[in-house]
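Written below as structure tokens is the structure these notes are about.
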Amino acid sequence: MSIKKTDLEYIASLSKLQFEGQELKNYTRQISDILEMIQQLQKVDTKKIKPMAHPMNMNQRIREDLVTEVNKRDEYQKNAVDSEDGFYKVPKVLD
Amino acid sequence: MLGEEKISSQEILKTYIQRIAEHDTLINSFITLDADAALEKARQADQSRQSGDVLPLTGIPFASKDIFCTKGVKTTCGSKMLSNFVPPYDATVIANVNEQGAILLGKTNMDEFAMGSSNETSYFGPVNNPWDLERTPGGSSGGSAAAVALGLIPIAIGTDTGGSIRQPAAFTGITGLKPTYGRCSRYGMIAFASSLDQAGILALSAEDTAIFLEMMAGFDPLDSTSVEMDVPSYVEQLSDPINGKVIGIPKEFFDEGLDAELENKILDAIKIYESLGVKFKEISLPHLELSVPTYYVIAPAECSSNLARYDGIRFGYRHQDNGRNNLDDHYLTSRQSGFGAEVKRRIITGTYVLSAGYYDAYYLQAQKVRQLISQDFKRAFLDVDAIIGPTTQTPAFKIGEKIDDPVTMYMNDIYTISSNLVGLPAISHPCGFIDGLPIGVQIITPHFAECDLLNLTHLYQQKTDWHNQQPDINNTNDDN
């Protein structure tokens, strides 16, 4: 199941990745091989089968809507490359 | 282990720190050591012991795969993307064992974001198998496995999403346990595939595993997939009689991909279990061969979603690109250079199978095949108490042998993946050697029957010596 380089470029853009030149060729080939392998699933008759999203039959637990967290912004922001006065700094979005 | 007071915790820590300093350059199993903090905890452990204040794991040093958040200790996930990330909190499993007195000595090397079966995708370099330095220790918990196998640490925590504890345990001759999905908390465990990931243990024996699992496992309100079930005393049940237990041998596990000599070792292991009173019968898991394609739709799909958080803004690698003043470029360059090749392959595969027009054909179809695989196991467990088979198709392979061919690498996981898809607990323990390389046998049980896995393995290990074999690093093949 081969995909085109343009397909790969589009998929990459959806996941905020970017490939060019030889790298684009290599990834196109490798992803095509992987898709070829997963094609095996197409031959299975699953008309009457329910999808299994999760290994255990669980429901989302809910709890009382009470505040349990403490604001630790300064501690959490220590890992940010660029922050100031509690804000994360990014390249300009709007002109 | 530490029960008798013949040696102090500080002496034990110093011994392990010394061994790591002497030998880890050969295998590259640790990314970060926290020796000073560990020695201080050991000093406190000795004081506690003197005043009679002893907890179940007091003074026991352990290593953690670098996928678990450890407060104040760098947690890289084997990736450039998190190479400078210092978590502000502990993962629950880490907190659990810390509270019982265990001492974290360091963070072990791993395949990047747990994606790999050979520990070759790590940003911090490959790990070498201590039994043969030219071979991989398996992955993705390769560092944890190699460190325990070489005696650099008595026990390590790892994760298993498609076999990443069991396969390296088999390749390095140690015991590796993947508990039931939901048995151990995933809070603070850096997510790869959320419906498959599970924390587990790599150790030298079922007994050590049982001691640690009792403290590590348990319900966690911070993990929405954590199961509210009491943790039994695995230690107390280790020596329960196993006469009359019935273990199934799936014919699909013994396919043409399985090395013939390895098959003989598995049959030898079966004979040992027979001598312990276990009965065997042939069973079938007809959809087993579909477990690899099913996994390689579901896991990449979940990973593409989980790794979307790495945007270089709040944490993680940010590409410093002069002249660019565009947020989109920032995302593209940070992610392109922050992630390694295998991670990018899986993100792309996952994005593709979830994309409009393909979701039904791939992702939904894979979830339905997952249901079929689950039904195979349910049916099998009506007749048998457990399932046995090889952990891997071959012994450890050479570094570089498979890294350029992703599909060949993926086939490594053929025997382990199905238990992740269905959430079943499974163990791999050593059962012999082929040309000096260890071999593992795998046992799978129904959900929450970890006590049976540990019980069976313990009695096997009382009768055999494979788990006591240790590589002699001075004689290990290390042709340069």
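Values in this text are rule-based calculations from the coordinates and carry no lab data. Not measured: the values here are computed from a predicted model. Note: ideal-geometry Cβ built from the backbone for every residue, glycine included; neighbour counts use all protein chains shown.
Dipole magnitude for the range B:339-464: computed about the Cα centre from +1 point charges on Lys and Arg Cβ and -1 point charges on Asp and Glu Cβ, it is near 240 debye. Annotation: amide H-H contacts under 5 Å for B:SER205 (H modelled 1.01 Å from N, sequence separation of 5 or more, or interchain): B:THR175.
Listed by chain and number, the aspartates and glutamates whose alpha-carbon sits under 19 Å from that of B:LYS281, ignoring those within fewer than 8 places in the same chain, are B:GLU252, B:ASP255, B:GLU263, B:ASP268, B:ASP376, B:ASP383, B:ASP385, B:ASP452.
Name the lysines eligible as straight-distance cross-link partners of A:LYS47: C-alpha to C-alpha under 22 Å, and not fewer than 8 places from it in the same chain. Excluding near neighbours in sequence, the set is B:LYS368, B:LYS378. Computed from the Cβ-Cβ distance with R0 of 30 Å, the FRET efficiency linking A:SER32 to B:ASP360 stands at 0.90. Taking GluC sites (Glu not before Pro) as exposed when their DSSP state is a loop state and no more than 15 other Cβ atoms lie within 10 Å, the longest site-free interval of chain A runs over A:21-63.
Ordering B:TYR410, B:PHE219, B:ASN326 by Cα displacement along the dipole of chain B toward the positive end leaves B:ASN326 in first place; charges were set at the Cβ atoms of Lys, Arg (+1) and Asp, Glu (-1).
For B:SER233, B:SER224, B:SER51, B:SER418, the sequence from fewest to most other C-beta atoms within 10 Å is B:SER51, B:SER233, B:SER224, B:SER418.
Per-residue Cβ neighbour counts within 10 Å put B:LEU104, B:LEU33 in the sequence B:LEU33, B:LEU104, beginning with the fewest. Loop-located trypsin sites (Lys or Arg not before Pro) in the range A:1-36 (DSSP state other than H, G, I, E, B) with a sparse environment of at most 12 neighbouring Cβ atoms within 10 Å: A:LYS4. Residue-wise HN-Hα couplings along the range A:50-57, as the Karplus relation 6.51 cos²θ - 1.76 cosθ + 1.60 with θ = phi - 60° gives them from phi, are 7, x, 10, 7, 8, x, 10, 7 Hz; Gly and Pro carry x. 3J(HN,Hα) couplings calculated from phi for the range B:94-101 with the Karplus curve 6.51 cos²θ - 1.76 cosθ + 1.60 (θ = phi - 60°) are, in sequence order, 5, 4, 4, 6, 4, 5, 9, x Hz; Gly and Pro show x. The phi torsions of the range B:268-274, fed into the Karplus equation with coefficients 6.51, -1.76 and 1.60 and a -60° offset, translate into couplings of 4, 4, 4, 4, 4, 5, 4 Hz, rounded to whole numbers, with Gly and Pro shown as x.
Which links in A:LYS78/B:LYS74; A:LYS78/B:LYS80; A:LYS43/B:LYS178; A:LYS72/B:LYS71 stretch past 20 Å when you go from one Cα to the other? Please report the intermediate quantities before stating the final value.
On the way: A:LYS78/B:LYS74 13 Å; A:LYS78/B:LYS80 18 Å; A:LYS43/B:LYS178 31 Å; A:LYS72/B:LYS71 14 Å.
From the list (A:LYS78/B:LYS74; A:LYS78/B:LYS80; A:LYS43/B:LYS178; A:LYS72/B:LYS71), the Cα-Cα distance tops 20 Å for A:LYS43/B:LYS178.
Summarising the label geometry, the points placed 7 Å from Cα in the beta-carbon direction at B:GLN44 and B:VAL407 lie 5.4 nm from one another.
Rounded is the label for chain B, because the ratio a/c of its alpha-carbon gyration tensor axes (a ≥ b ≥ c) stays below 1.5. Amide H to amide H distances under 5 Å link B:PHE30 with B:ASN109, where only residues 5 or more positions off or on other chains count and H is placed in the peptide plane.
Quick one: length gained pulling B:ASP465 to B:ASP36 fully straight, 0.36 nm per residue minus the C-alpha distance?
Working: separation 429, 0.36 × 429 = 154.44 nm, distance 3.54 nm.
So the extension gain works out to 150.9 nm.
The fraction of Cα-Cα pairs per 20 angstrom bin, counted from 0 for the protein assembly as shown, comes to 21, 57, 21, 1 percent, rounded to whole percents.
Between B:ASP53 and B:ASN84, what length comes free when the chain is fully extended (0.36 nm per residue of separation minus the Cα-Cα distance, one decimal in nm)? Each step should come with its number before you reach the end.
Working: separation 31, 0.36 × 31 = 11.16 nm, distance 3.67 nm.
Result for the pair: 7.5 nm of gain on full extension.
Could you list the chymotrypsin sites (Phe, Trp or Tyr not before Pro) in the range A:2-95 that lie in coil according to DSSP, counting only those with at most 14 other Cβ atoms within 10 Å of their Cβ? Present the calculation step by step, with values, prior to reporting the outcome.
Details: sites: A:TYR10, A:PHE19, A:TYR27, A:TYR76, A:PHE87, A:TYR88; in loops: A:PHE19.
Here no loop site has a sparse enough neighbourhood.
Here the calculated FRET efficiency for B:PHE280 and A:ASP45, from their Cβ-Cβ distance with R0 = 45 Å, stands at 0.90, rounded to the nearest 0.05.
Percent antiparallel among DSSP beta bridges with both residues in chain B, to the nearest 5? The partial results should precede the final answer.
Numbers: 30 of 45 bridges.
Antiparallel: roughly 65 percent of the beta bridges in chain B.
Can you give the FRET efficiency to the nearest 0.05 for B:ASN264 and B:ASP328, using r as the Cβ-Cβ distance and R₀ = 35 Å? About 0.05, to the nearest 0.05. Residue order for B:LYS65, B:LYS279, A:LYS47, fewest other beta carbons within 10 angstrom first, comes to A:LYS47, B:LYS279, B:LYS65. Taken about its Cα centre, the protein assembly as shown carries a charge dipole of about 1240 debye when Lys and Arg each add +1 at the Cβ and Asp and Glu each add -1 at the Cβ.
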